[in-house]
Amino acid sequence: MPVETDWGSSMKGSWYLSARQHVLEFVLFNAVFFVATRQLFRKVLAPGSPQDVSFRTFAPPSTPCRGERFMLAATLFSFATAVAHKCVRGSTIFLLQPCHVSAVLLLYVLVAPKTSRLPHIVFNIYLYILWGTITALVFPDLRDYDLFFEIENFFLGELSAGRHRGSGLSFSCADRQMALVFSEI
């Protein structure tokens, strides 16, 4: 790793923490996150809880609407293009950025069967990571984007995800109800 920041490329840079510190924090943070998530799901999905009642009385939508199909096609196209650009550059590690992770969550929600409660939980998690799209649009870092359709795809991906999140578009009234229930936790 370089000692000085290479200002010619934003993809290289300097490590402010040692590799040992990164590994230690990664292991500890993930262990704490796993335990906290497990406890949360035990509490949230306990029999008789408002979420449990909401899930048991849930009536899934009959068929996907045109808006949902369009969102699936746009998100899939944008994500596939982003993956292709990252593979060409040799920077696939950047697919772990919040915007790409939220795109994967949205793709899962759009593809998964609506009869299961897991897509609805993932959808609510997806709603809580709204800051990623807003931050990316307010502070875009386009210095290394020089491949064909790369800048356009950046804005297409962010705007399609942001439009979905910001508009209150939901797949059913039950999803909106569940989003309200989860926001009270």
With the charge dipole of region 29-85 built from beta-carbon charges (+1 for Lys and Arg, -1 for Asp and Glu) about the Cα centre, the Cα from Gly48, Phe79, Ala36 projecting farthest to the positive end belongs to Gly48
Note, ³J(HN,Hα) from phi for region 112-122, Karplus 6.51, -1.76, 1.60, rounded to Hz, x at Gly and Pro: 5, x, 6, 6, 8, 7, 4, x, 6, 5, 4
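Bear in mind that the values in this text are calculations on the coordinates, not laboratory data. Please read these numbers as outputs of a predicted model, since none were measured by experiment. So basically every Cβ, Gly included, is an ideal-geometry build from the backbone, and we count neighbours across all protein chains shown.
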